[in-house]
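Worksheet: the structure to be examined is printed underneath.
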Amino acid sequence: MKNEAVAVKPIRTLEDALNRCQSLGMRLSRQRRFILELLWQAHEHLSAREIYDRLNQQGKAIGHTSVYQNLEALSDRGIIECVERSEGRLYGNISDSHSHIHCRDTDRIVDVYVELPKDLIEKLEQQTGVKITDYRIDFYGTEIAPAPVPALGAALGAAISAPAAPRAAEPAPPPKSPGANGSAGRHPSGTQVPDPTCVSP
């Protein structure tokens, strides 16, 4: 997931995205700001139609054509991500190199950063004769729990739960008293001791 050939500061916040637009000479129109603000608030991959609907539900009037044109311009310049799917394109706020986890149950796409071991990359380069400068991995699976996924930014390992607390040792059973359950006890010396409950008065 590294790109050594292009040393560009990654976009990590809405402010970074707005600054990138300005540095590229892109006009920051009201509609363009609306789209960027929505994507950074949602942290989801949305279709153009979903973006249009959500903005209008928020009272931010914007036309279909304006949504499509701004999404194309922003994705073409690397400000936002465009994911190609059979049912259409989806747009996300993270644009630098990262990987995806695709949930087959919910159709959700989760952004994650994955760092492959250096020796694995070197082995792949030796096998293929290709210098690897960047990579993106697509994982596919089913939902384990409906709990929300943390926003992208922390290392993938941070999502691993802390180790469980050590299990407390079970208390040892109390010593069996002599003569319990109507049986005769035994003196430490080894002499059989009659059960006092059975002794005649």
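Quick notes on this structure:
- Residue-normalised accessible area of segment 27-132, given per residue in Å² at a 1.4 Å probe: 56 Å²
- Accessible area ranking (1.4 Å probe, heavy atoms, ligands and nucleic acids excluded), largest first, for Y91, Y68: Y68, Y91.
- In segment 26-97, the GluC sites (Glu not before Pro) that fall in loop regions by DSSP, at most 12 other Cβ within 10 Å: E87
- Summed side-chain charge close to G92 - residues other than G92 whose Cβ falls under 11 Å, Lys, Arg +1, Asp, Glu -1: -2
- C-alpha center-to-center spacing [segment 105-147, segment 60-75] in angstrom: 31 Å
- Counted charge near N70, where neighbours are those whose Cβ lies closer than 10 Å (Asp, Glu -1; Lys, Arg +1): +1
- Measure of compaction for segment 1-74 (Cα Rg per 2.2 N^0.38 Å): 1.19
- Rounded if a/c under 1.5, otherwise prolate or oblate - segment 1-144, Cα gyration tensor axes: oblate
- Counting only protein heavy atoms and using a 1.4 Å probe, the accessible area of T142 comes to about 90 Å².
- Solvent accessible area, Å² - S29, 1.4 Å probe, full protein context: 10 Å²
The values are calculated or read from the model by the stated rules, or taken from the named source; none is laboratory data. Treat the numbers as computed from the prediction; the structure is a model and nothing was measured. Cβ atoms come from the backbone with ideal geometry, glycine included; neighbour counts cover every protein chain shown. These accessible areas exclude ligands, DNA and RNA; they are computed on the full protein's heavy atoms, side chains included. Shrake-Rupley method; radii C 1.70, N 1.55, O 1.52, S 1.80 Å.
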